[in-house]
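Taking it in order: structure first as structure tokens, then the write-up.
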Amino acid sequence: MSTCSGPPYAYYRVEGGRIFCEGLLEHSLATARLALMVFGERLNKTFGTRSVDLLKISAYLHDVGKASDHYYRTLKKDVDTMSFRLHHFVSSLVLYLSHIMGKSDDRTLQLASYIALRHHQAMKSTLEARQPQFYSESSRPQSEIALVVRGLNEDWIQRLLCVGVEKGFISKEYSELILRTVKELKRLSNREINVLSTNLASSSEIDINDRKLIVSVAGAIMVADNVISALNRGGESTLVRMWIREMPYLEEVARYCIEESKKVVSNKQ
């Protein structure tokens, strides 16, 4: 288990009076490295270079929604495990609005927004994956989305983006656009955030070619995310055991990605 001095976290739990956590920057780097090393060439052969660029930015920013103060305001020393409820939906919103604000024909950020929402459930149907229907009506998910959005920490996100540019997972142009978008997103009213969320959830069906690309990239990220998480956080995972059995080199590559990411984070502190 990694140790980290402070938020943002990708994972946080307290056990036996000890804090165990995984930093968001470290997790993002390790996941993106593993996804690219294991699946980059395969995706390139099937979909072309566009898919590799999409994989890099989607894998690196799949958890950007966790960089919200909302998750940390009620953090207590005796908490068992921190919940990042709806973080994937907020990650998707950041990328979706970035596409809109970009005002260009480049659909990379739009597709990345669909992928970020699917990184826990790659094979869900488009609408099912995009809409947070699995929460009860009484939990008011739309209002909670606004709270997470309002808490997005620009300093944390800027640091994440700067390292992403440095390591080649994000272009400088995208980085600047996404940071502007976060600032704009936080200025929106709750009603405007809810409208944007509804538009994301009810947007028109994706064509068959884009659907194949989205599912393939989201599946690659889901594997990388779960393997990095299992190795860093411990615990049993039937899926991870199966993937490692089918791809024996996966664990070795994942451990390399984790160590390299730790070095980057250490050098940045």
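Using the Cα atoms of the range 143-224, I'd like the radius of gyration and the largest Cα-Cα distance, Dmax, both in angstrom.
When restricted to the Cα atoms of the range 143-224, Rg and Dmax are 15.4, 38 Å.
Filter the chain for me: DSSP H helices, axial length by Cα at least 20 angstrom, mean Kyte-Doolittle hydropathy not below 0.5. List them by residue number.
Flagged H segments are 87-102, 208-233.
Return the carbon/sulfur percentage of the accessible area of the chain, one whole number, probe 1.4 Å, all protein chains in place.
49 percent
Quick check: with the 1.4 Å probe, what order do Trp156, Trp243 take by accessible area, largest first?
Listed by decreasing accessible area, they come as Trp156, Trp243.
Springs between alpha-carbon atoms under 10 Å, Gaussian network over the chain: tell me which of Lys183, Lys103, Lys56 tops the mean-square fluctuations.
Lys103
Evaluate 2.2 N^0.38 Å with N set to the residue count of the range 177-266, then give the Cα radius of gyration divided by it.
Here the Cα radius of gyration is 1.53 times the empirical estimate.
How far apart, in nanometres, would the label points at Arg18 and Met242 be if each is projected 7 angstrom from Cα along the Cα-to-Cβ direction?
For the pair Arg18/Met242, the computed spacing is 3.2 nm.
Please build a GNM for the chain, connecting alpha carbons under 10 Å apart, and tell me which residue among Glu22, Glu236, Glu41 fluctuates the most.
Taking springs between Cα atoms under 10 Å, the residue moving most is Glu236.
Tell me, what is the 1.4 Å probe accessible area of Thr49, in Å² to the nearest 10?
Counting only protein heavy atoms, Thr49 exposes about 100 Å² to solvent.
Residue farthest toward the positive end of the dipole of the range 222-269, with Cβ of Lys/Arg at +1 and Asp/Glu at -1: which of Ser266, Ala224, Met242?
After comparing all options, I get Ser266.
Give me the 1.4 Å probe accessible area per residue for the chain, excluding ligands and nucleic acids, in Å².
48 Å²
Can you match Cα extents along the principal axes in Å to one of these, [x] 67, 38, 31; [y] 62, 49, 33; [z] 47, 42, 35, based on a calculation from the structure here?
It is the one labelled [z].
Go ahead and set up a Gaussian network model of the chain, Cα springs under 10 Å, then flag whichever of Leu93, Leu152, Leu177 fluctuates most.
Result: Leu177 has the largest fluctuation of those listed.
The values are calculated or read from the model by the stated rules, or taken from the named source; none is laboratory data. What you see is a predicted model, and the numbers here were worked out from it, not measured in a lab. Glycine gets a Cβ as well: all are built from the backbone with ideal geometry, and neighbour counts include every protein chain shown. Quick note on the areas: whole protein, heavy atoms, side chains included, nothing else; ligands and nucleic acids left out. Shrake-Rupley method; radii C 1.70, N 1.55, O 1.52, S 1.80 Å.
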